[in-house]
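Inspection log for the structure reproduced underneath, given as structure tokens.
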Amino acid sequence: MPDHILLDTNIILDLLAARTPFSDEAKSLFTLVEKGRIQAYVSALTIANVYYIMSRHLKNEEEVRRVIRKLLLLVKPLELDEKIIRLALESEFKDMEDAIQYYTALENGLQIVITRNLKDFRQSTLPVMTAGDYIRAIADDAAGH
């Protein structure tokens, strides 16, 4: 059974904008998604943020839309509703976007949050890992360690 994970916006941007040195780990993570080892989710907020940032990067709206369409073949966007916003507002998270990511994962019963900003998720009751740490952990599990 695949892990159900939430990918933070920075992981998506690492992949789509080929941000080195992080893009290699993001590519490896998405290979696991393609192989069915992971069911990947994102907050609806992530789609909006990625669209905005990529439109500045690519300067071509149709190309950005094409990239987002391809992304949606691999990840499932989750709704951002009033409950998640209120939980985020009342939380101890310093960054509202991180709080929304966290409560999106929690409210949807996901198992893990994958991000590069571990320090921003100190309050998390869910496991929070970098892409590289997650990849190494499942490789260790597969090897029987």
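The values are calculated or read from the model by the stated rules, or taken from the named source; none is laboratory data. As the structure is a computational prediction, the values presented were derived from the model and not from experiment. Here the Cβ is made from the backbone with ideal geometry for all residues, glycine too, and neighbour counts use every protein chain on show.
Of the residues that make up the range 74-96, is at least one in contact with a strand residue (DSSP E or B) (Cβ under 8 Å, 6 or more places away or on another chain), closer than 20 Å to K119 by Cβ and of a type in the set (G, A, S)? The answer is no; no qualifying residue exists. Here T20 meets each of (1) free of Cβ contacts under 8 Å to residues at least 12 places away in the same chain; (2) assigned to a helix (DSSP H, G or I); (3) farther than 26 Å from S124 by Cα with one exception, condition (2).
Of all the listed residues (L6, L71, L110, L106), the sole one being more than 21 Å from V128 (Cα to Cα), surrounded by 15 or more Cβ atoms within 10 Å (Cβ to Cβ) and under 14 Å from the mean Cα position of the chain (by Cα) is L71. Among the residues of the range 98-131, the ones that are more than 14 Å from I38 (Cβ to Cβ), modelled with pLDDT of 95 or more and assigned to a helix (DSSP H, G or I) come to 9 in all.
Residues in the range 115-129 that are of a type outside the set (A, V, I, L, M), touching a strand residue (DSSP E or B) at 6+ places or on another chain (Cβ under 7 Å) and surrounded by fewer than 19 Cβ atoms within 10 Å (Cβ to Cβ) were compared, and the one that is farthest from A99 (Cα to Cα) is P127.
With respect to the conditions (1) outside any loop (DSSP other than H, G, I, E, B); (2) within 25 Å of I138 (Cα to Cα), I68 lacks only one, and its number is (2).
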